[in-house]
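Visitor: To start, I am sharing the structure in question, which I have written as structure tokens.
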Amino acid sequence: MTTFVDRVELHVAAGNGGHGCASVHREKFKPLGGPDGGNGGRGGDVILVVDQSVTTLLDYHHSPHRKATNGKPGEGGNRSGKDGTDLVLPVPDGTVVQDKQGNVLADLIGEGTTYVAAQGGRGGLGNAALASARRKAPGFALLGEPGQAGDIVLELKTVADVALVGYPSAGKSSLISVLSAAKPKIADYPFTTLVPNLGVVTAGSTVYTIADVPGLIPGASQGRGLGLEFLRHVERCSVLVHVLDTATLESERDPLSDLDVIEAELAEYGGLEDRPRMVVLNKVDIPDGKDLADIIRPELAARGYQIFEVSAVARTGLKELSFALAKIVAEARAAKPKEEATRIVIRPKAVDDAGFTVTREEDGLFRVRGEKPERWVRQTDFNNDEAVGYLADRLNRLGVEDELMKAGARAGDGVAIGAEDDAVVFDWEPTMAAGAEMLGRRGEDHRLEAPRPAAQRRRDRDAERDDADREYDEFRPF
């Protein structure tokens, strides 16, 4: 059974915002006491948080679909809906968040580091919040916005100072078990280590972490063995330690060829050329191992490697190795640029920045893109004529109509607001009158009504009668 997972594809969905409420206060002797519809609640966010107690992405491998709760709708009596609960997902230290195209969205390092993977939708305003001096009793409310949803890739890269690399059964697990308190699985067959093991080493005043990376073999950078899965775990390490087996039982292998193979795989993987290297000749407690170490030591020294002969079983040479690693780690930490507090830069938008664009497409359709117009469309209930009229007022005040005229749009041309896959398309009618004085009964807008000849004839007769009454009042005898 799989117990360690360091790469998963996660499907996250934030909560939707609750709808606003359209309500009118009613009580005895006061049937129309004014609008009192409450606002909808905000949808919950999906948040990734670094937790040191989490060491694997196994939970998300088994349950890749995660969704936050929705906001509650508003109610009458000026009662706002409850906000949705944020979904907090703990991830290991060193988790890299990417989109499906491989673009890095966040690099989560350090306890408590957070990243909002999906933002919850805003709650819609109730008619109490939409009331104004010109629109005293709105017969509509705004809808809640849908929460963000999408796929992200979580990739774990172990955060360690030292990485032990080498062939399977070279003694890396044994070495980390005697240098630290880690208790990895140890056996005499290849690929015993199936997951990276971490240990903490104290050498004098320096405390550093050491990682045992599963064994590499030729072709690891192309996917052979387990190398490709775990090569990413050496990217953050300050020093690479080649653990060479001087007592291998395979006749076709020798420490120098093993070193050349591992270096070739690291070079093929890329990005590790600047890391300092160190060579550990392991299993020198065996007579043949000691003899082989003496033979290859001059060649390794000629290549410029710092060499240590150790025995994890006999526990020899470990103190010198741990202090040498501590020195390199301390130098790497000192050379690392000092991290400064993140500066918060506020760049307010210009006052006259409407924040939208109008473009004409090849088929003659005019497309409006912008944060405000698209959000307003999502908040509009198109089954309510008054809500549609309110949307027209907002777009007109924003300057959309003027931009359409400048772009060459004429009455009856098609206009789309939003992206191609999620747009609202309508036939444009310019110079629509705006204002609450045009509103009729609740939930209706005269600007969207079809012509009514009979009603127009009645209004004409009433106007003629009023004119006749005024003429009579002016010329009647006293």
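The values are calculated or read from the model by the stated rules, or taken from the named source; none is laboratory data. This is a predicted model, so every value here is computed, not measured. Heads up, the Cβs are rebuilt from the backbone with ideal geometry, glycines too, and the neighbour counts pull from every protein chain shown. Each accessible area value is taken on the protein alone, full model and side chains, heavy atoms only, with ligands, DNA and RNA left out. Shrake-Rupley method; radii C 1.70, N 1.55, O 1.52, S 1.80 Å.
Visitor: For a test of the definition: using alpha carbon positions, the gyration tensor, and the 1.5 limit on a/c, classify the range 105-179 as rounded, prolate or oblate.
Guide: Values: a/c = 7.63, a/b = 4.77, b/c = 1.60.
Prolate is the answer for the range 105-179, as a/c is 1.5 or above and a/b outweighs b/c.
Visitor: Could you list, in their original order, any pairs among K67/K136; K100/K372; K67/K372; K72/K136; K28/K372 whose Cα atoms are separated by more than 31 Å? Could you put the intermediate results ahead of the total?
Guide: Working: K67/K136 39 Å; K100/K372 28 Å; K67/K372 26 Å; K72/K136 25 Å; K28/K372 41 Å.
Result: K67/K136; K28/K372 exceed 31 Å.
Visitor: How much net charge surrounds Y305 when only the other residues with a Cβ under 10 Å from the Cβ of Y305 are counted, with Lys and Arg +1 and Asp and Glu -1? Walk me through the numbers before you get to the answer.
Guide: Numbers: positive: R277, R297, R303; negative: E299.
That sum, taken over residues with Cβ under 10 Å, equals +2.
Visitor: Calculated FRET efficiency, E299 and R369, Cβ-Cβ r, R0 60 Å, to nearest 0.05?
Guide: Numbers: r = 65 Å, r/R0 = 1.08.
So, using R0 = 60 Å, E works out to roughly 0.40.
Visitor: Roughly how many whole Å is it from the C-alpha centroid of the range 268-326 to that of the range 94-116?
Guide: Their Cα centres are 35 Å away from one another.
Visitor: By average Cβ neighbour count within 10 Å, what is the ranking of 420-426, 237-243, 309-315 from highest down?
Guide: Averaged packing, sorted descending, gives the order 237-243, 309-315, 420-426.
Visitor: Please compute the modelled spin-label separation between V425 and E268, points set 7 Å along Cα→Cβ, answer in nm with one decimal.
Guide: Taking the two extended label points, one gets 5.2 nm.
Visitor: Can you give the FRET efficiency for R315 and K67, using 1/(1 + (r/R0)^6), R0 = 45 Å, r = Cβ-Cβ distance, to the nearest 0.05? Don't skip to the answer; put the middle values down first.
Guide: Details: r = 52 Å, r/R0 = 1.16.
Efficiency at R0 = 45 Å is approximately 0.30.
Visitor: Given the options Y60, Q98, V116, identify the residue whose Cα lies farthest towards the positive end of the charge dipole of the range 28-143 (+1 on Cβ of Lys, Arg; -1 on Cβ of Asp, Glu).
Guide: Positive-most Cα among the choices belongs to V116.
Visitor: Estimate the FRET efficiency between D460 and R134 by the formula 1/(1 + (r/R0)^6), using the beta-carbon distance for r and 41 Å for R0, to the nearest 0.05.
Guide: Efficiency at R0 = 41 Å is approximately 0.90.
Visitor: Mind checking the full-extension length gain between R253 and E9? Use 0.36 nm per residue of separation minus the Cα-Cα distance, one decimal, nm.
Guide: 84.0 nm
Visitor: Filter the trypsin sites (Lys or Arg not before Pro) in the range 1-47 to those in DSSP coil with at most 15 other Cβ atoms within 10 Å of their Cβ, and list the result. Intermediate values should be presented prior to the final figure.
Guide: Numbers: sites: R7, R26, K28, R42; in loops: R26, K28, R42.
Answer by residue number: R26, K28.
Visitor: Write down the accessible area per residue of the range 10-89 in Å², having rolled a 1.4 Å probe over the full set of protein chains. Walk me through the intermediate numbers first.
Guide: Values: 4230 Å² over 80 residues.
Using a 1.4 Å probe on heavy atoms only, each residue of the range 10-89 averages 53 Å².
Visitor: Report in % the part of the accessible area of the range 1-102 that belongs to carbon and sulfur, leaving out ligands and nucleic acids; probe 1.4 Å. Could you put the intermediate results ahead of the total?
Guide: Numbers: 2690 of 5350 Å².
Reported share for carbon and sulfur atoms: 50 percent.
Visitor: Given the peptides 120-132, 385-397, 284-296, arrange them by the average over their residues of other C-beta atoms within 10 Å, most packed first.
Guide: 120-132, 385-397, 284-296
Visitor: Related question: Give, as a single signed number, the net charge of other residues whose beta carbon lies under 12 Å from the beta carbon of G81, with Lys and Arg counted +1 and Asp and Glu -1.
Guide: Summing Lys/Arg as +1 and Asp/Glu as -1 gives +3.
Visitor: What shape does the range 13-75 take by its C-alpha gyration tensor, where a ≥ b ≥ c are the square roots of the eigenvalues and a/c under 1.5 counts as rounded, a/b above b/c as prolate, and the rest as oblate?
Guide: On the way: a/c = 6.32, a/b = 4.39, b/c = 1.44.
Prolate, since a/c reaches 1.5 and a/b exceeds b/c.
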